[in-house]
Every structure is written in C-alpha cells, then in structure tokens.
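The values are calculated or read from the model by the stated rules, or taken from the named source; none is laboratory data. None of these values were measured; they are calculated from a predicted model. Cβ placement follows ideal geometry from the backbone for every residue including glycine, while neighbour counts extend to all protein chains displayed. Heavy atoms of the whole protein, side chains included, go into the accessibility calculation; ligands, DNA and RNA do not. Shrake-Rupley method; radii C 1.70, N 1.55, O 1.52, S 1.80 Å.
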Amino acid sequence: MAASAVASPRVHDFKVVLLGEGCVGKTSLVLRYVENKFNEKHESTLQASFLTKKLTIGNRRVNLSIWDTAGQERFHALGPIYYRDSNGAILTYDITDDDSFQKVKNWVKELKKMLGTDIMLTIIGNKTDLEKQRNVSVETAEQYAESVGATHFQTSAKLNRGVEEVFLDLSRRMIEQADKQDAEKRALSPSSRSTAAGNVVLLEETPAAPIKSGCC
Amino acid sequence: MIMAFLSSQPKRSMFQLNESDLMCKNACGFYGNPEWRGLCSQCFREYQKKAEASRSRHPLRGKETLTEQTTKHQTPPSVGSSTLSQTVSTVKTALSPFDKFVSKKKQQSERKTHTVKSIFAGAAPKDAEPEHARPTRQVSADVQHVVREFNEYLQTLPKPIASDIAKRIQTVANKLLDYSAVDYSIDELTKIAGNFYEEFSDRLTRNELFAGLDEASTTKIMDYAESYILIRSYKNLFCPPTTDDEDKDLQTQKQIRKLNWVTAQRLGATVDEMNPDVREHIDLAITDIIEIDTKKTVDAKLKCVVSCCRNIAQMLQLSGNGPPSADQFLPAVIYVVLKANPPRMQSNIKFITRFANPNRLRTGEAGYFFTNLCCALSFIESMDAKSLEMTEDEFQLYMSGEISSSSLHEQQAFMCDGLRQMNKNLQILNELKQRQARLDEKIKAEQELMEDFFASCMRKIQEGREKYPLIVKPRRQLPVFTFGPANNASKENIQDSLNPSWADS
Ligand SMILES: Nc1nc2c(ncn2[C@@H]2O[C@H](COP(=O)(O)OP(=O)(O)OP(=O)(O)O)[C@@H](O)[C@H]2O)c(=O)[nH]1
Ligand SMILES: [Mg+2]
Ligand SMILES: [Zn+2]
C-alpha cells in the first residue's frame, strides 16, 4: 500500500551523557528541558536519572536518551561504561564555582582519550541568574571550549534561559556526525549491499563464507 | 527476485518460521539448516561421511534418500510453487507454527490433515521418520513461546514484508545455531549477530519495501528478530565453554560473599532499611535481579533489569532522598547486587552485551539500567579499600571476617522474616492507634459542634420567645342583641356590635 511512498525520514537514536560535578544543575537542566520544570528544592519525578525527548529537526526525527551519571569520585573509573557509544556529552559547570569548571576540563580530557572525535561535546555554564557571584569568566570558558572543539552555552535552569538551544545545537551536530559516519561507511564498502528501490535482493550466504568484519 | 528465490527452493513456506520446518530432517530433535540439506550439524556430518563412502566426490550433490525427505517435508503444498501472489494467498491456510509443536508420536500417527480443524486440534503432519535412534529433544517451551509470538506478529504485516523478514531471520538463526554448535569463537558469533542487526535495521529503515512501516513496528521487528535468532542457540550462546564466563561467575559469586559486610551507607546510598515499604522494594528488586538468569531472551532479561531498577528507584524515593539522581542510584544498584548475589551474573551480562541488538543498549530505559548494572558489577569486581573510603588494614580485616559490621547484625536480624513481620505489624498497629486517636478527636469535635448547635438553637428560641411573647387573653363575651323598645343604653350596644373588634390591636 505504501510501496510507492518515499522511505520515511531516518530516525536517529542519540545517546547523550551528562557529566559534571555534583550540584552544578545537571538534573535541573534536563528536567527543565524535558518537562519544563524547575524545583528549588531538588525534589521531582521518580525517574530523574534517565529521560528521553523526541524532536524533529528539518526532516530528521531525533530521539534523545539523556543519561545522568553518578558524579562521586569513587565511581570515576566507571565513566567509560557510561559514556561508551554515546553520541554526545553535556559537560556542565556552575558559573559561580571555578572548581566545577576545572572538573569539566578533566572530563573533556578523558572523553577525548576514550572516544576521540566521534563524540560531540557541549560545555554549559549554568546558573546565569547568579551573575553577581560569577567566578568563571565567559571569555575563559569560551576560549577553552573552542580549543577542544566543543560548543559553549550559558544557561539558567531556574529562569529557563538558553536550555532549549543547548539540546537543539547538540542534536544538529550529532546528526551531522552521523551523516559523516554513514558516508564513510558507505565509502569503505560501496558494494556491500544494494538498496535499489523495488528490488529485493535475497542473497544466500554459504556457511563457508568469510564473516564480514563490522565496526566495533 | 523473490520469485527467483521461491522457485529455487520450491514448496517451502518462506514467511512462516515453522519449527517443524526448522528441525533436522532426520527428526533427531535438533535443528536443521537448509544449507546443510535441512540436517543438523551432526546428521549432516554423518550424511557427508556416508555420501563420501558411496561416491568419492560432491557430497552435496549426492542424490540420497534424504533429498526426498526434504521435499516430502514441506508444509502447504502450493506455497512457493510459482508466484509471489500464490504464496501470499496461502498464508492464511498455513498452519500456525505453534501448533506444530506437538509430540513427534502424534505427528507420525496423524498425517496429512491440512484442515482448519487440525490447526486448532494441534495435529500437524510431519513426514520425516527417525532414521537413527538419538534421544529426541522437545523444542523447549521458551522457543515455542518466542516463535508463536513472532508468527502472530508476522501475520499482521503485509505478506511481502513478512516473507522477507522471516526469510532473513531464519537464515541468520540457522547460521548462528550451526556455527555455535561447532564451537566457533565467541567473537565470531558476536560478529554474526552484530552484522545481522546492522544490516537488517538498515534494510528496515532504508529499503523501499518497508517504507510503510512506522518506527514502532521497526523496533518491534528488531526485538522479535533478536529473540528469535538467539533463543534457538541459547544453550550454545549462553556461558559457552569456549569462554571463561563460568569461572568469572564463580569468582564474582565468591567476591560478593566476601563483601557481605558492605552496607548501603558505606556505598553512599541512603536506604532506610528499617522502613518496611523500603524493605519490600528491596526484596522485589532482589527477586527481579535473580530472575534474570531464568529468562532466555535478551528482551525478557532486560525486562527483569528494568523492573529491578524501578524498584530501586522507588526504594530510594521512599527512603526520602527526593528524586533518585544518578549519584544515589548507582550505589543502590551495587547494594542490591551485593544483597542478591544473583546467579551467573557475569554470564548474563556477557550474553546481553555480546548478542543483544546494540541499539537497545545505547538508548532507552533498559539500556540505561543495564549500563548501571554493568557498572555495579564492575565496581564490585574491583572493590577495594579506596573505593569504600577506608584504610587498607580495615578493609582487609573486614574481608577476612575478623571484624563484622556493627549494623550487619541489625540488618540480618531485620532480614529474619518473623521479625520483619512483627515490625510490620507493629507499624500497622501504630498506624491504627494514630487513626483511632484521630477518630476520637473528630468525634469530640463533632460532639462539641452538636452541643454548640443545640445551645445556639436554644438561645435563638429563647430570644424569639422574649421578642414575641405569647399572651393568651381571656375570650370576650359575644354581644347580645335585644329586640324591643330601645333605650339609649341599648342603642350604644347595637352600634358597638355593628363595629366588632375581635382582636386586641
Ligand atoms: N540559581 C540557580 N540554581 C540552580 C540552577 N540550576 C540548578 N540550580 C540549583 O542547584 C542545585 C543542584 O541542582 P541539581 O540539578 O540537583 O544538580 P546536579 O548537578 O544534578 O547535582 P547531582 O545530582 O548531585 O550531581 C538545586 O538546588 C537547584 O535548584 C540555576 O540555573 N540557577
Ligand atoms: Mg543530579
Ligand atoms: Zn539430526
């Protein structure tokens, strides 16, 4: 019935990890974004550690899975298990707390080491409503972000400033990256499969056929 | 192309994942593979040997009786004979594969009854005769369940789609089964599954044939495909002898036993263990995590993980930490794993990481929870003094059992069912007492209200009475009319009586 329809736009499932020191507002940011809620008192929905959001950018549909991570030092070694296979990372610091900014730098180093350039990084200075108590200058942060190929945003989860943009920009970059990876894959194995319209190619694989090596 | 394929393998239903079709043509009870003449690996080897003995070359081309069995062995006779439309039209009459899971005896006694009745009666024909006596193995209930569900779902799809999907899935399922049976390395098996998921999902999203499918259907198909290809080889893929999974399981189990003194508090989770409701969720979480091992599909295993983690989240919520942030969540998962000491945890985690559709581990709630479980296990494996923020000496003393946690006794006492029941009852009693007190208070208040009301009523009545006193005056005498000569006095009297005034005012 829908045989003549154009193949539906690809749906991207993106995994985004949230990293940053405790109390910088990671949970608040996501709750603001996903549920448009802000709790002064840190109490909210049952599930605050894992949230999803669907959005459409152009003709692309994106499903974001946003993973909160345990921030304690003792769990630091588990980082790689959490951010394995993620498409994006949001590294948050509190603009009133320089320490939290230094922590962001550590995370960036680690992510780069483990995942290279496959992962899209966004650095966020949160709590801009506390401008008067600012301890991390915008220039420093922006310069640093640029030097590591990350985008930098300033937000206030409390006043809902700049939150939407963070996720929109990150999604756009993840789509670009996915397209790039797709193109690379296709270039590597141009004849690996036929997707010619209408034709159903049924290939019998013999037991002796060498196993194709996929990317891991 | 489809037609070409169908005619190359005549008389086989393409879109039905019929278990009887999948069985070894020797009816030895193992699964067969079309690439091995529909035989299982063992029978195929024997067949090859025989064939080689009789003729020195081309074992695959050998015209043995087995070939005939293969053709005898088909399901609906018209399927695939010439065109796709024919194939489609026979779908409805094709036997439900589940119903073919009848005992072999039954299959042999009742033959060739392709009626609708026979579908529901559960009798299905199977012509293959056992050639050799090998202990027959029934297809397990788990496989039956997966196959039935998948088939039911396939029936709801347009036929070309269903047939394409079934064909592909069957191919890879057979491949996995055969390769795993001959001890292929686990990495190679993982690659077979991984490549399949990648190519298949690519196909589902990009190929014109599937353009009408929405995202939910695609996900569903992927999940069914995963269950199907894995369940048939589960015995070979789960904790295979080519790996050290079993050793690791034992190691982990031992480590967890040694760590029985670690409390939630030490891990950094706030768990109010004295609260019976919290306790209940801990128990549920423990049950869930233990259940993982009993499930045979990734989907079912992950459902246990999700249920376990939801209970953990609930338990944290009830312990009064507000929203279970990741900072609280992970320690709580570690705590539950330590409490449960689930069987074959490493094997289960390895099975899922190796063979699950990678996409579902990357996204979705199940992926998140599963990752937390992996983290918990990894943390436990390498748990040391530093990770618990204690000195090396102290840690060693605990590990050797020389010191035991002070709160351990408390915890274990609390674990005792009787005590727990008592505790619960006490709490219920307490609650009842409070409710009784509240009720008493309300009764008292109600009483006071009534009294007030009564008093105010009385007061009002009193006021009304005072304002409008009821004075009853003696009745006047009726005027008397007299007839006759009137004197002055009587004239007055008459006038009076003509203007009667009964009332006082
Ligand atoms: N003024 C102000 N306060 C904020 C903002 N965002 C978050 N907060 C507050 O900062 C505190 C911590 O926020 P969370 O979102 O819980 O921080 P977190 O990074 O998730 O913390 P952990 O889960 O402990 O790692 C809460 O009291 C929030 O109300 C903001 O934009 N402005
Ligand atoms: Mg948080
Ligand atoms: Zn056999």
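Starting from 0.36 nm per residue, how many nanometres of slack lie between residue B:397 and residue B:353 once their C-alpha separation is accounted for? All intermediate terms of the calculation are to be shown ahead of the outcome.
On the way: separation 44, 0.36 × 44 = 15.84 nm, distance 3.54 nm.
Value of the extension gain: 12.3 nm.
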Segment A:10-182, Rg to Rh (Cα coordinates; Rh as Kirkwood inverse mean 1/r): 0.94
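Is there a simple number for the mean count of other chain Cβ atoms within 10 Å of the Cβ of residues in B:372-380, and what is it?
Details: counts 8, 1, 4, 9, 3, 1, 5, 6, 0.
Taking all residues of B:372-380 together, the mean is 4.
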Cα pair distances of segment B:141-237 binned at 5 Å [whole percent]: 2, 13, 25, 24, 18, 11, 6, 1, 0
Label-point separation, residue B:52 to residue B:385 (7 Å along Cα→Cβ), nm: 6.2 nm
Amide H contacts of residue A:126 (H built 1.01 Å from N, under 5 Å, at least 5 apart or other chain): A:93, A:94, A:95, A:155
Inter-label distance, nm, simple model (7 Å from Cα along the C-beta direction), residue B:155/residue B:446: 5.8 nm
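Given Cβ point charges of +1 (Lys, Arg) and -1 (Asp, Glu) and nothing else, what value in debye, to the nearest 20, does the dipole of segment A:10-182 about its Cα centre take? Write down the numbers at each step before the final one.
Working: 25 positive and 25 negative charges, 85 e Å.
Roughly 400 debye, rounded to the nearest 20.
Beyond a 23 Å Cα-Cα separation, which of these cross-linked pairs lie in this structure: B:350/B:386; B:175/B:235; A:180/B:303; A:132/A:158?
On the way: B:350/B:386 27 Å; B:175/B:235 15 Å; A:180/B:303 34 Å; A:132/A:158 15 Å.
Check vs 23 Å cut-off fails for B:350/B:386; A:180/B:303.
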Segment residue A:63-residue A:147, length gained on full extension (0.36 nm per residue, minus Cα span): 27.3 nm
Carbon + sulfur, % of accessible area of segment B:416-462 - ligands and nucleic acids excluded, 1.4 Å: 60 percent
Residue B:453 versus residue B:472: modelled label distance in nm, points set 7 Å from Cα along the beta carbon direction: 3.2 nm
Estimated FRET transfer efficiency (residue A:114, residue B:280; beta-carbon r; R0 41 Å; 0.05): 0.55
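Between chains B and A, what is the buried accessible area summed over both chains (1.4 Å probe, protein heavy atoms, nearest 100 Å²)? Don't skip to the end; give the middle numbers.
Working: alone 29640 and 13680 Å², together 37970 Å².
Counting both chains, the buried surface is close to 5400 Å².
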Counted charge near residue B:459, where neighbours are those whose Cβ lies closer than 14 Å (Asp, Glu -1; Lys, Arg +1): -1
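Report the relative contact order of segment B:141-237, percent, no decimals, based on alpha-carbon pairs under 8 angstrom and at least 6 residues apart. Walk me through the numbers before you get to the answer.
Details: 56 pairs, mean separation 45.8, N = 97.
Relative contact order of segment B:141-237: 47 percent.
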Average beta carbon contacts from partner chains per residue of A:15-28, 10 Å cutoff: 2
